[in-house]
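Contents: one structure, followed by commentary.
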Amino acid sequence: MNKSGSNNNLETDKLCKIIGYDFTDPKLLQNALTHSSFCYEHQLKYSENNERLEFLGDAIFDTVIAEYLYYRLKDNEEGALSKLRASIVCEQSLMRKAGDIGLSDYLRLGHGEEVSGSTRKRRSLIADALEATIGAIYLDGGWEITRSVVLNLFEDIIEDALNGKLKNDYKTALQELLQSKGESNIVYNIEGEQGPDHDKTFFAVLRNNGKIIGRGSGSTKKQAEQNAAREALEQENENCILKS
């Protein structure tokens, strides 16, 4: 991740090429990538952080996906469309796409946020920055361009959702991530359970090469394993961010 002292001259040309849009007003993109902690430490105006753009981008992202599903799935009822939209317009999808485009490399964070932010909070601020970027594209280029950029960026996630593959499968996501690093030797163990038969809670431990990398609990063994994988994924994402 870029350090706060070197962020005044963001080199965002590569990011623009990846997302498929060149800004007429580059300041909009810079604002989209600026966390409030950076503004506070550098005594910048509130308008220079990404919170207002994130608010706008959240609504735009939701509307783009809703419109797309409405026209593509002409026979689906409202409930089914809402579930599909929710599976796409969520933090996990935003994090997945932010990782694909390397968005964290361009964020402007205050020093305190860089060194002390929790995994959960870091995931949230990266997802927010991507929504803010969508908002910035909308202000710079308008609805049709934004719609095109969003649908192009999220094409794989949309197709996964339509094909029933977007179901928070943390185990598969973790397996693929570790395999890409050449270090996948995953073993799940259920190491405890509690409660009556009709209301049990299971506790899973996840090891990679013998080292515990995640723990999770759930009402079923599969759910406990998924939650252990989720914890491991969040830790992997944290480590990746800290090394950037």
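The values are calculated or read from the model by the stated rules, or taken from the named source; none is laboratory data. Please read these numbers as outputs of a predicted model, since none were measured by experiment. Virtual Cβ from ideal backbone geometry, glycine too; neighbours counted across all protein chains shown. Only protein heavy atoms, including side chains, enter the accessible area calculation; ligands, DNA and RNA are left aside. Shrake-Rupley method; radii C 1.70, N 1.55, O 1.52, S 1.80 Å.
If GLY141 passes every condition in (1) touching a residue at least 60 places away in the same chain (Cβ under 8 Å); (2) under 23 Å from the mean Cα position of the chain (by Cα) but one, which one does it miss?
(2)
When GLN194 is evaluated against the numbered criteria (1) open to solvent by less than 80 Å² (accessible area, probe 1.4 Å); (2) in contact with a Lys or Arg (Cβ under 8 Å, 6 or more places away or on another chain); (3) more than 21 Å from MET95 (Cβ to Cβ), which criterion, by number, is the only one it fails?
So the condition that GLN194 fails would be (1).
Farther than 12 Å from TYR21 by Cβ, surrounded by fewer than 20 Cβ atoms within 10 Å (Cβ to Cβ) and within 14 Å of the chain's Cα centre (by Cα): does that describe ALA173?
It is true that ALA173 is farther than 12 Å from TYR21 by Cβ, surrounded by fewer than 20 Cβ atoms within 10 Å (Cβ to Cβ) and within 14 Å of the chain's Cα centre (by Cα).
Have a look at ARG207, ARG147, ARG120, ARG215 and point out the one that is open to solvent by 70 Å² or more (accessible area, probe 1.4 Å), more than 27 Å from GLU11 (Cβ to Cβ), among the charged types (D, E, K, R) and at pLDDT 85 or above.
From the options ARG207, ARG147, ARG120, ARG215, the qualifying one is ARG215.
Please list, ordered by residue number, the helices (runs of 4 or more DSSP H) wholly in region 11-92 having 2 or more residues that are under 23 Å from LEU139 (Cβ atoms) and open to solvent by 40 Å² or more (accessible area, probe 1.4 Å).
13-19, 26-32, 51-72
Residue-wise test of (1) within 28 Å of LEU73 (Cβ to Cβ); (2) outside any strand (DSSP E or B).
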position: GLU159; (1), (2): yes, yes
position: ALA173; (1), (2): yes, yes
position: GLN179; (1), (2): no, yes
position: ASN189; (1), (2): no, no
position: PHE203; (1), (2): no, no
position: ILE212; (1), (2): no, no
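Is it true that CYS90 is closer than 22 Å to GLU155 by Cβ and either under 17 Å from the mean Cα position of the chain (by Cα) or in contact (Cβ under 8 Å) with a residue 24 or more places away in the chain (or both)?
Spelling it out, CYS90 is indeed closer than 22 Å to GLU155 by Cβ and either under 17 Å from the mean Cα position of the chain (by Cα) or in contact (Cβ under 8 Å) with a residue 24 or more places away in the chain (or both).
Please state which of the following conditions GLU183 fails to meet, knowing it meets all the rest: (1) over 29 Å from LYS83 (Cβ atoms); (2) modelled with pLDDT of 85 or more.
So the condition that GLU183 fails would be (2).
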